[in-house]
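Comments concern the structure below.
The values are calculated or read from the model by the stated rules, or taken from the named source; none is laboratory data. Predicted, not measured: the structure shown is a model, and the values here were computed from it. Heads up, the Cβs are rebuilt from the backbone with ideal geometry, glycines too, and the neighbour counts pull from every protein chain shown.
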Amino acid sequence: MAENQVVVDGEIIHCIGCGAKVQTNDKQALGYTPKSALEKGLASGEVYCQRCFRLRHYNEIAPVSLSDDDFLKLLTSISDTDSLIVYVVDIFDVNGSMIPGLHRFVGDNPVLLVGNKLDVLPVSLKKNKVKDWLRQRANAAGIRPIDVDLISAKTNQDVDHLLDQIEKYRKGKDVYVVGVTNVGKSTLINSVVKQSTGIQELITTSRFPGTTLDRIDIPLKDGKHLVDTPGIIQPEQMAHHLVGKELNLVTPQKRIKPKEYQLNPEQTLFFGGVARFDYRAGDRKYGFTVYAENNLYIHRTKLSNADGFYTKHVGHLLTPPSQEHVADFPALEAHEFKTTQKSDLVIEGLGWITVPSGVSIVGWAPKGVAVLLRPAMI
């Protein structure tokens, strides 16, 4: 929560739309209002936070974050409802976008798992394989989804199908949309609103009554609501270690074009300065296929030179992080594996490298960012 609450004549100013305490410091926190808008609001006697202003004038859901404690309180309240849970995760950062212990908070409510950012999947990747893998990851986290859907909120791809799925599974109940920050949840909500208005008229978009500081209730035709909940901050996401334009060089922006590298044992690939892949040992030279943001700089070097090369060039040749950000960027941690089948080495939030069977490899990522091995998806 932001600390610089606006106080006038000894009284804390609240947004008249949602009741949040108005603040001008943190754009991602509740109650944020630009100083210029605050001055106009104080003059008129109607102060709205930016989130409510966008909602009121543009039918636009703006992202907002809650602290872990506040979010857990909200999750606990969901378990007391009779509703459908739409759980949104990022296809390219599944581990980082999982909500720890979600299964304990949703109670007996059914969960529809939605993988977002379908538009950046390589053409060669089959949707059914992605669905199966997502279901397996959810099961490992203790979640048993009633179904798995893949969409692109950014391009509206398959959002109409998701609407059909929501209507199929909610059975006259309220719908809660949950997810961590940076998974595109608010983009999805906005896409649902626009898509529904033009196609199925599932959602009434003229007004959004019931707006509170921790949720937005979007009325459905039958009197129930689609509830947008604030995103919880997941510090293990790769995105939280990057700033500004750095994020666009790591997070896929368009459909990924796979790149193949012929590597001998004891060779290394650097992914800018945010990750690293070592081919430690194997019988021979192999082809390794990289699935990552098309504009991310990838540099090949000898394993024996890798540590010194990184120290010398991070923030310069190896970017992101930028030179200004190097001092604050976490050290890369090593994760060692030996494959027994064709596999994908996944660096969550970055992408993956497809590797052959019978090789010793190491994936490096910022401390706290997950690196894992899975059966090859392609």
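List of remarks:
- Hey, L72 under 22 Å from the mean Cα position of the chain (by Cα), in a helix (DSSP H, G or I) and either surrounded by fewer than 19 Cβ atoms within 10 Å (Cβ to Cβ) or at pLDDT 90 or above (or both) or not: yes
- E266 satisfies every condition listed in (1) farther than 28 Å from P356 by Cβ; (2) among the acidic types (D, E); (3) in contact with a helix residue (DSSP H, G or I) (Cβ under 8 Å, 6 or more places away or on another chain) except (1).
- Checked against the criterion of being closer than 24 Å to H103 by Cβ and either touching a strand residue (DSSP E or B) at 6+ places or on another chain (Cβ under 7 Å) or at pLDDT below 85 (or both), the candidates G198, G210, G184 yield just one match: G184.
- Among the residues of segment 78-113, those identified as outside any loop (DSSP other than H, G, I, E, B), of a type outside the set (S, T, Y) and either in contact (Cβ under 8 Å) with a residue 60 or more places away in the chain or not assigned by TED's automatic domain parsing to the domain that holds L162 (or both) are I78, L84, I85, V86, V88, V89, D90, L102.
- Scanning segment 338-370 for residues that are in a strand (DSSP E or B) and under 15 Å from T268 (Cβ atoms) returns L345, I347, I353, V355, S360, I361, V362, G363, W364, A365.
- The listed residue being basic (K, R), over 15 Å from the mean Cα position of the chain (by Cα) and closer than 21 Å to R374 by Cα, out of R54, R137: R137
- Top-ranked residue in segment 298-335 [being hydroxyl-bearing (S, T, Y) and touching a strand residue (DSSP E or B) at 6+ places or on another chain (Cβ under 7 Å); ranked as surrounded by the most Cβ atoms within 10 Å (Cβ to Cβ)]: Y310
- Close pairs from segment 149-161: first more than 21 Å from V111 (Cβ to Cβ) and in the same structural domain as D132 (by TED's automatic domain parsing), partner among the aliphatic types (A, V, I, L, M) and outside any loop (DSSP other than H, G, I, E, B), Cβ under 9 Å, at least 6 apart: K154/V120; T155/L118; Q157/L118; Q157/L150
- Pairs linking a residue in segment 114-128 that is at positive phi and among the basic types (K, R) to a residue that is assigned to a loop (DSSP other than H, G, I, E, B) and surrounded by 21 or more Cβ atoms within 10 Å (Cβ to Cβ), with Cβ atoms under 6 Å and 6 or more positions apart or on different chains, are K117/I91.
- For segment 248-305, filtered to residues that are outside any strand (DSSP E or B) and β-branched (V, I, T), the residue that is nearest to D90 (Cα to Cα) is T251.
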